[in-house]
Amino acid sequence: MKILRISVLTAVATAGMALVGSAHAGTTFDAVKKKGFVQCGVSTGLPGFSATDDKGAWKGIDVDACRAVAAALFGDANKVKYTPLNAKERFTALQSGEVDMLPRNTTWTYTRDTSLGLNFAGVNYYDGQGFMVTKKLGVKSAKELSGAQVCIQAGTTTELNLADYFRANKMEYKAITYDSSDETVKAFESGRCDMLTSDQSQLYALRIKLADPSSAIVLPEIISKEPLGPVVRQGDDEWFNLVRWSLFAQLNAEEAGITMKNVDEMMKSADPNVRRILGVEGVKGEFLGVDDKWAYNIIKQVGNYGEMFERNVGQGSALKISRGQNALWNKGGIQYAPPIR
Amino acid sequence: MADETSERDIPAKPRRLTDPKFRALVFQILASITVAAFLFFIVRNTLHNMELRGISTGFGFLDRVSGFGILQSLIEYDESSTYGRTFLVGLLNTLLVSALGVFFATLIGFVMGVLRLSSNWLINKLATVYIETFRNIPLLLQIFFWYFAIGFNLPSPRQSITVGESLFLNNRGLYLPAPVFEDGFMATGLAIVGSIIAVIFLARWARKRFEATGQLFHTVYASLAILIGVPTLVYVATGMPMHLDYPTLQGFNFKGGLTVIPELFALTLALSIYTGAFIAETVRSGIQSVSHGQTEAASALGLRPSWTLRLVVIPQAMRVIIPPLTSQYLNLTKNSSLAAAIGYPDLVAVFAGTTLNQTGQAVEVIAITMSVYLVLSLVISVFMNWYNAKMALRER
């Protein structure tokens with residue numbers, strides 16, 4: 001019996017060795033292509049970025065980032081499976097290979113880019129941290145908030161920004177840190193804190209969750225830069241390129257006026273720029289290791305950047321966030337993609 | 001083969017493989033080697049994979065500046081402190097809530113356990129309802145209940161409930177006047193320590209005298225006189241070197257004084273009430289384990305009921321109570337990690353939460369956090385085992 005037990009143990013150990021061994025054999029790109037779908041790490045529910053609708057389907061601009069990659073790689077935007085992750089779990093999930101890409105309203109910072117073995121593939125939303133206060137408080141600017149108690153969600157860059165802002169302005173504060181955004185909102189509502197701080201896009205989304213959304217206002221101040229974008233593991237440049245250029249294709253498409261509706265007509269366009277983006281002439285998909293019609297598939301199935309924005313967080317959504325910094329560079333914003341040629 | 005006579009059936013030269021002692025030894029060594037090799041493999045493989053993926057490792061991050069604020073800190077802490085310091089702050093907050101929880105849970109548990117055995121129908125049923133209710137609702141829900149019950153029902157700071165303008169209660173916490181010690185307070189502090197030592201010696205002397213001569217000495221009154229009298233005399237003699245710092249409303253919130261944050265209050269309450277219900281059952285079972293004959297014998301000897309309880313029932317019940325009590329203390333300490341849900345800055349929230357996320361050193365941070373809980377639990381176990389050995393039946 002004992003011999004049996006030991007041989008089982010050894011077998012388990014060897015199996016474990018083999019398993020871990022195969023995790024980094026073969027690149028992410030090949031692995032994803034082979035299994036036939038993109039495993040996408042998203043939030044546990046942030047309206048506009050990644051949240052399920054009433055039918056249980058994932059919607060949002062972060063979700064669309066994964067759909068765009070699937071469209072480019074497989075020609076089908078629906079070949080995506082989702083893994084909801086909280087702020088604490090997200091990087092570990094990506095590092096360990098549980099997900100292939102992580103577009104989860106994640107801020108691109110020096111530490112995250114350099115010390116976690118991760119790469120940021122681009123910026124799909126330029127955000128900034130703001131404050132939400134109750135109207136009763138009668139505060140017009142964040143500068144009047146010295147001595148305030150602040151509700152905040154744990155595991156985010158917002159904790160550092162908050163500390164920096166109050167220190168720089170020589171103001172005092174107390175931060176109460178909650179694990180999930182639901183508790184944060186509840187605590188704010190119950191009056192435990194004077195204000196709630198988070199990325200501004202999230203403040204609008206959280207305000208909808210209040211029993212009386214009109215009882216709170218979002219202050220105008222933005223205290224930080226929060227470039228949010230999809231993250232991939234370091235060490236597979238092919239995969240990194242695909243994720244990065246899927247986003248760039250959407251931006252270039254908006255710039256060139258190619259939309260979900262007119263993309264089929266545009267295939268016949270005489271404009272060499274449009275013809276290059278759609279893979280009709282010049283550049284080939286093989287540089288990315290995908291079909292020549294990769295950008296066509298993205299635009300046809302997911303839409304260009306502007307369409308994606310309006311549908312998820314802009315005028316076509318409950319959030320009604322204006323383009324602001326996220327407008328194209330030639331329309332007053334800072335969204336700028338290198339050309340496809 | 002020292003024991004030849006009992007092994008008559010075994011051939012003179014037994015084969016080594018069939019010798020049970022030898023086989024047991026071999027298999028134990030093999031099993032140990034397998035476990036060690038497995039652990040070695042896991043550690044090496046983790047390090048190798050992390051290096052391969054460009055994830056930085058090591059404990060160097062503990063010296064870096066944290067840059068975030070913590071709601072409650074028992075030691076000095078601000079944004080320019082290190083991550084190592086955040087660990088200490090979190091650890092102390094965990095210890096604080098665990099210690100408070102253990103104290104109140106024991107208190108509630110013993111009272112409720114005794115009441116559960118009361119012959120008064122109402123008291124008995126009330127205790128039963130308490131135990132059955134709180135033992136059977138998940139702890140996390142209870143924590144939420146107390147936290148949001150307090151949060152939604154207390155007034156805002158400007159409409160605080162106040163006692164004599166020095167004690168304030170609102171949805172931000174309980175504000176108390178804080179004692180501020182001035183230069184000459186040292187003498188009073190020493191007087192307090194000195195009088196405590198004196199009382200201990202007094203009690204020992206009284207006991208020895210009682211055992212030797214049978215004469216009673218009223219230790220209680222003498223002790224109280226020493227404990228209160230001596231420090232007060234020294235305090236007044238040195239010119240009362242202490243004043244109170246009262247909390248005052250400034251802007252949105254109170255400043256100064258001592259603050260008990262609602263998170264600490266709700267968590268302590270939930271932990272004590274939940275664990276108290278389990279302890280009550282333990283206490284009841286302990287008391288019921290002492291046979292009724294003991295009580296009857298005690299009254300036959302003419303002992304008063306209170307003496308019977310104190311000298312006969314409880315010492316014997318303790319032997320049954322202590323081992324399960326230890327598990328309850330361990331549970332309480334570990335359950336305190338649910339603090340993260342309501343924003344109490346304990347070790348898990350501060351260190352395994354924010355620090356982990358800012359630094360990304362998941363393996364190191366989680367390893368440290370797990371070791372802390374392991375050490376805490378082992379310390380509690382060792383202490384309780386010592387106490388158990390002290391209370392155990394002494395066979396003469």
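The values are calculated or read from the model by the stated rules, or taken from the named source; none is laboratory data. Values in this document were obtained by computation on a predicted structure and should not be read as measured data. Note that we place each Cβ from the backbone using ideal geometry, even for glycine, and neighbour counts take in every protein chain shown. Keep in mind that these areas ignore ligands, DNA and RNA; they rest on the heavy atoms of the full protein, side chains included. Shrake-Rupley method; radii C 1.70, N 1.55, O 1.52, S 1.80 Å.
Key figures
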| quantity | calculated |
| --- | --- |
| Subset of region B:150-174 (residues that are closer than 21 Å to B:ALA339 by Cα and more than 10 Å from chain A (Cβ to nearest Cβ)) | B:LEU174 |
| In region A:211-231, the residues that are under 13 Å from A:THR134 (Cβ atoms), open to solvent by 10 Å² or more (accessible area, probe 1.4 Å) and in a loop (DSSP other than H, G, I, E, B) | A:ALA211, A:ASP212 |
| Options A:LEU137, A:LEU118, A:LEU94; residue that is within 12 Å of chain B (Cβ to nearest Cβ), more than 23 Å from A:GLN234 (Cβ to Cβ) and either hydrophobic (A, V, I, L, M, F, W, C) or touching a Ser or Thr at 6+ places or on another chain (Cβ under 6 Å) (or both) | A:LEU137 |
| Qualifying position, being in a helix (DSSP H, G or I), away from every other protein chain (no Cβ under 14 Å) and either at pLDDT 95 or above or on the phi < 0 side of the Ramachandran plot (or both), among B:ALA317, B:ALA266, B:ALA341 | B:ALA317 |
| Candidate set: region A:159-181, residues that are of a type in the set (S, T, N, Q) and free of Cβ contacts under 8 Å to residues at least 60 places away in the same chain; chosen: the one surrounded by the fewest Cβ atoms within 10 Å (Cβ to Cβ) | A:ASN169 |
| Cβ-Cβ under 6 Å pairs, at least 6 apart or on other chains, region B:34-50 side more than 7 Å from chain A (Cβ to nearest Cβ), far side open to solvent by less than 30 Å² (accessible area, probe 1.4 Å) | none |
| Residue count, region A:155-170 (criterion: assigned to a helix (DSSP H, G or I) and at the interface with another protein chain (Cβ under 9 Å from one of its Cβ atoms)) | 7 |
| Looking only at region A:121-151, and only at residues there that are crowded, with 22+ Cβ neighbours inside 10 Å and modelled with pLDDT under 90, the one that is nearest to the chain's Cα centre (by Cα) | A:ALA142 |
| Which listed residue is at pLDDT 90 or above and open to solvent by less than 50 Å² (accessible area, probe 1.4 Å), from A:ALA13, A:ALA71 | A:ALA71 |
| Matching residues, region A:287-341, being in contact with a Gly (Cβ under 6 Å, 6 or more places away or on another chain) and among the aromatic types (Phe, Trp, Tyr) | A:TRP294 |
| Unmet requirement for A:TYR82, which otherwise passes all of (1) surrounded by fewer than 24 Cβ atoms within 10 Å (Cβ to Cβ); (2) part of a loop (DSSP other than H, G, I, E, B) | (2) |
| Matching residues, region A:85-126, being among the polar types (S, T, N, Q) and closer than 28 Å to A:GLY314 by Cα | A:ASN86, A:ASN105, A:THR106, A:THR107, A:THR109, A:ASN119, A:ASN124 |
| Scope region B:253-263; condition assigned to a strand (DSSP E or B) and away from chain A (no Cβ under 12 Å); matching residues | B:LEU258, B:VAL260 |
| Those residues of region B:353-371 which are outside any loop (DSSP other than H, G, I, E, B), open to solvent by less than 20 Å² (accessible area, probe 1.4 Å) and more than 8 Å from chain A (Cβ to nearest Cβ), in sequence order | B:THR355, B:GLU364, B:VAL365, B:THR369 |
| Test result for B:LEU376, more than 14 Å from every other protein chain (Cβ to nearest Cβ), out of contact with any Cys (no Cβ under 9 Å at 6 or more places or on another chain), surrounded by 22 or more Cβ atoms within 10 Å (Cβ to Cβ) and closer than 25 Å to B:ILE108 by Cβ | no |
| Qualifying positions in region B:29-60 - more than 29 Å from B:TYR83 (Cβ to Cβ), surrounded by 14 or more Cβ atoms within 10 Å (Cβ to Cβ) and polar (S, T, N, Q) | B:THR34 |
| Residues within region B:241-252 that are open to solvent by 70 Å² or more (accessible area, probe 1.4 Å), within 14 Å of chain A (Cβ to nearest Cβ) and either in contact with a Leu (Cβ under 7 Å, 6 or more places away or on another chain) or of a type in the set (A, V, I, L, M, F, W, C) (or both), tallied | 1 |
| Residue count for region A:97-109, restricted to those that are within 12 Å of another protein chain (Cβ to nearest Cβ), surrounded by fewer than 24 Cβ atoms within 10 Å (Cβ to Cβ) and closer than 19 Å to A:ILE334 by Cβ | 2 |
| Failed criterion for A:CYS151 (all others in (1) part of a strand (DSSP E or B); (2) closer than 22 Å to A:ASN312 by Cβ hold) | (2) |
| Any hit, region A:315-322, residues being in contact (Cβ under 8 Å) with a residue 24 or more places away in the chain, under 17 Å from A:LYS59 (Cα atoms) and among the β-branched types (Val, Ile, Thr) | yes |
| Filter result for A:TRP245 (buried (at least 23 other Cβ atoms within 10 Å of the Cβ), touching a Ser or Thr at 6+ places or on another chain (Cβ under 6 Å) and away from every other protein chain (no Cβ under 13 Å)) | no |
| Residue that is farthest from the other protein chains (Cβ to nearest Cβ), among those in region A:171-229 that are acidic (Asp, Glu) and over 23 Å from B:SER73 (Cβ atoms) | A:GLU221 |
| Among residues of region B:60-80, those that are within 14 Å of chain A (Cβ to nearest Cβ) and either under 19 Å from B:VAL348 (Cβ atoms) or charged (D, E, K, R) (or both), counted | 12 |
| For B:ARG23: the one exception among (1) charged (D, E, K, R); (2) loosely packed, with under 15 Cβ neighbours inside 10 Å; (3) within 25 Å of A:PHE91 (Cβ to Cβ) | (3) |
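Yes/no matrix, rows are residues, columns are (1) within 30 Å of the chain's Cα centre (by Cα); (2) over 30 Å from A:THR134 (Cα atoms):
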residue: B:GLY189; (1), (2): yes, yes
residue: B:SER195; (1), (2): yes, yes
residue: B:GLU211; (1), (2): no, yes
residue: B:GLY239; (1), (2): no, yes
residue: B:PHE252; (1), (2): no, no
residue: B:VAL260; (1), (2): yes, no
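Residues checked against (1) surrounded by 24 or more Cβ atoms within 10 Å (Cβ to Cβ); (2) in contact (Cβ under 8 Å) with a residue 12 or more places away in the chain; (3) among the hydrophobic types (A, V, I, L, M, F, W, C):
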{"site": "A:ASP236", "(1), (2), (3)": "no, yes, no"}
{"site": "A:TRP239", "(1), (2), (3)": "yes, yes, yes"}
{"site": "A:ALA249", "(1), (2), (3)": "yes, yes, yes"}
{"site": "A:GLU255", "(1), (2), (3)": "no, yes, no"}
{"site": "A:MET267", "(1), (2), (3)": "no, yes, yes"}
{"site": "A:VAL274", "(1), (2), (3)": "no, yes, yes"}
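Listed here are the residues, each with its yes/no results for (1) in contact (Cβ under 8 Å) with a residue 12 or more places away in the chain; (2) closer than 30 Å to B:THR369 by Cβ; (3) crowded, with 18+ Cβ neighbours inside 10 Å.
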position: B:ALA298; (1), (2), (3): yes, no, yes
position: B:ARG310; (1), (2), (3): no, no, no
position: B:ALA317; (1), (2), (3): yes, no, yes
position: B:ILE321; (1), (2), (3): yes, no, yes
position: B:THR333; (1), (2), (3): yes, yes, yes
